[in-house]
1. Among ARG187, ARG202, which is the only one that is touching a Ser or Thr at 6+ places or on another chain (Cβ under 6 Å) and touching a residue at least 40 places away in the same chain (Cβ under 8 Å)?
2. So which of ASN348, ASN368 ends up being of a type in the set (S, T, N, Q), modelled with pLDDT of 95 or more and crowded, with 21+ Cβ neighbours inside 10 Å?
3. Give the residues of region 105-126 that are surrounded by 14 or more Cβ atoms within 10 Å (Cβ to Cβ) and part of a helix (DSSP H, G or I), sorted by residue number.
4. All but one of (1) outside the structural domain of GLY191 (by TED's automatic domain parsing); (2) over 19 Å from the mean Cα position of the chain (by Cα); (3) under 20 Å from ALA263 (Cα atoms) hold for GLU366, so report the exception by its number.
5. Please name all residue pairs, on different chains or six or more residues apart, with Cβ atoms under 7 Å, provided the first residue is in region 515-529 and is without any contact (Cβ under 8 Å) to a residue 24 or more places away in the chain and assigned by TED's automatic domain parsing to the domain that holds GLU483 and the second residue is outside any helix (DSSP H, G or I) and crowded, with 24+ Cβ neighbours inside 10 Å.
6. Name every residue in region 264-299 that is in contact (Cβ under 8 Å) with a residue 60 or more places away in the chain and either under 25 Å from the mean Cα position of the chain (by Cα) or under 30 Å from GLY476 (Cα atoms) (or both), in order of residue number.
7. For region 297-318, state whether one or more residues are surrounded by fewer than 17 Cβ atoms within 10 Å (Cβ to Cβ) and in contact with a Phe, Trp or Tyr (Cβ under 6 Å, 6 or more places away or on another chain).
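The values are calculated or read from the model by the stated rules, or taken from the named source; none is laboratory data. Values in this document were obtained by computation on a predicted structure and should not be read as measured data. Because the Cβ atoms are built from the backbone with ideal geometry, glycine has one as well, and the counts that use them run over all protein chains shown.
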Amino acid sequence: MSRLNSVGELEKLRAEILEKRDSGRPCITTCLGTGCHAYASQDVYNALAEEISSRGLTGKVDLRGTGCHGFCEQGPIVVIFPGEICYCRVQPEDAADIVALTVLENKVIDRLLYEDPVSGQKYERESEIPFYKNQDRLILGQNRLIDPQNIEDYFALGGYKALAKALAEMTPEDVLEEVKKANLRGRGGGGFPAGVKWETTRQAPEKEKYVIVNADEGDPGAYMDRSLLEGNPHLVLEGLILGAYAIGAAKGFVYVRQEYPLAVKNLTLAVQQAEEHGLLGDDILGSGFDFSVSIKRGAGAFVSGESSALVSAIEGQVGEPRPKHINTAISGLWGKPTNLNNVETWANVPYIIERGAGWFNSTGNEQNKGTKIFSLVGKVNNTGLVEVPMGTPLRKIIDDIGGGIPGDKRFKAVQTGGPSGGCIPEQYLDTPVDFDRLKELGSMMGSGGMIIMDEDNCMVDVAKYFMHFLKDESCGKCTSCREGTKRMYEILDAITRGEGREGDLELLEEIAWVTENASLCALGSTAANPVLSTLRYFRDEYEAHIKEKRCPAKVCKALIRFTIDPEKCDGCGRCKRNCPEGAITGELKSPMTIDSSLCSRCGICREVCHLDAVTAE
């Protein structure tokens, strides 16, 4: 492909691509994102390709490998267009039936349809499935339609139109003002207005400036940024180029986690394709604007997601935060003005420039515009990536999209904002999800992690889990974070082992205050959220652990005791045979008993009992 030297040449190429495409021709799309890839979706894709070829349908039936559709637990996912028939958990041996029945005979294969776990209803079309139907997939929507390794797919859906509009019709100041009017808030955690940050970097006195995509997504269970880079890398690149144009930067970086090999692969190819088409490099589309992009791979340090630590890592130094008396927007990479936004923030920019700030402001609530992507995981029927308008109530996300809590269990809490987020109890389920309301509740938006917990979760144990992660990920540069997270973990660990003491809760709150107020970066200043929020809403559980030496959720092993109900036990001996400690005694066909002094509280006896005779107290 020859280089595009003008906006006119780009639009001509787009027209040629669309002219060759027949919207009525059957197209089988297969999710090849990391989630589905773990379920061998590549084998499904290969089987479909072989079936199409063996039937002489090459050129008559399109096959496209796409990015993540979001409903990862149902993978591998295959969608057949134009009917949008959606098949879940597809196996390679299903390829023959998909081609023969659905593609050639327009018949639906009932066994491959999604079945709602609560109602039992089956759905034929992807858009009808409640998980998708109740979302507004502005940013993720193209993932299901695009081969991320084929730039022509992005062109066909209007890709780089926003860039063409900006370079041909708008000044850098116009682009900046449009983003400011859109009130786009950074999707990486803090929610700072992107346009204001851009303006600070643009107005900085240094002429040489940089822009960065922060793809160091370190929250456990979060994979929003990864899925965007894997499934639609050109959308992120286009947003970055527009930002560079507005700010006056000639060089950009994408800092991406080492653990994201597919994202790196697809992004690297996207950069090469953009360079070949004249969308990166010198004199982009004949506009006189020069801009290049480099990809930097991180080493897995959670703290490198913090802006100044990320800058240090790109420079080749240890990823540690710097003092904030000078912002990275003024003095970042190599002391030059540097603008950082996360992947999702950049992905919003092309839509704002192409459709206008007014259109963007039509979604969301007063202070929080647009949509937000969440990673919905934990004790919920439907897990995966969820995109909803800002201000959507927690209840709608959990019940309407997530399908509620499995097994008729009672909802207990939702933890938002990653490991530094807070746990929100049931009474606040109708709270609109936005930056400000979550902060009021002692949590935060963060990058978008959302973990659902039910009655079987111990909130003291939950706080301990996140504090264990945070103490290990602290870079150790400042004492308040290094020692504060460690000490809070030690106290929580003692409480869960039955060694909690009077005064521990007050000590936790005191250490949390110091850690929050004396730490250098956001890791330390937010690290206490899991502790403070659980103390705020579930203090009774802490007190039960300390005063009664009891874990109400029966999670903390040191505080539970297994017993066998002699009225229910038929003496089958399953528990005795499977006990690893030899703590169960008794004769066959007679009730068994457990010696608590030998019991390791592993719970195997309860798992293997078919009569529900083993109970935890």
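1. None of the other options fit; the residue is ARG187.
2. Result of the check over ASN348, ASN368: ASN348.
3. Scanning region 105-126 gives LEU112, GLU126.
4. For GLU366, the exception is condition (3).
5. GLU516/ALA528; SER525/SER519
6. Once the filter is applied, which keeps residues that are in contact (Cβ under 8 Å) with a residue 60 or more places away in the chain and either under 25 Å from the mean Cα position of the chain (by Cα) or under 30 Å from GLY476 (Cα atoms) (or both), region 264-299 yields ASN266, LEU269, ALA270, GLY298.
7. Among the residues of region 297-318, not one is surrounded by fewer than 17 Cβ atoms within 10 Å (Cβ to Cβ) and in contact with a Phe, Trp or Tyr (Cβ under 6 Å, 6 or more places away or on another chain), which makes the answer no.
This table checks each residue for (1) among the aliphatic types (A, V, I, L, M); (2) over 16 Å from GLY190 (Cα atoms); (3) out of contact with any strand residue (DSSP E or B) (no Cβ under 9 Å at 6 or more places or on another chain); (4) outside the structural domain of ASP472 (by TED's automatic domain parsing).
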site: ASN339; (1), (2), (3), (4): no, no, no, yes
site: PRO419; (1), (2), (3), (4): no, no, no, yes
site: GLU426; (1), (2), (3), (4): no, yes, no, yes
site: PHE435; (1), (2), (3), (4): no, no, no, yes
site: LEU438; (1), (2), (3), (4): yes, no, no, yes
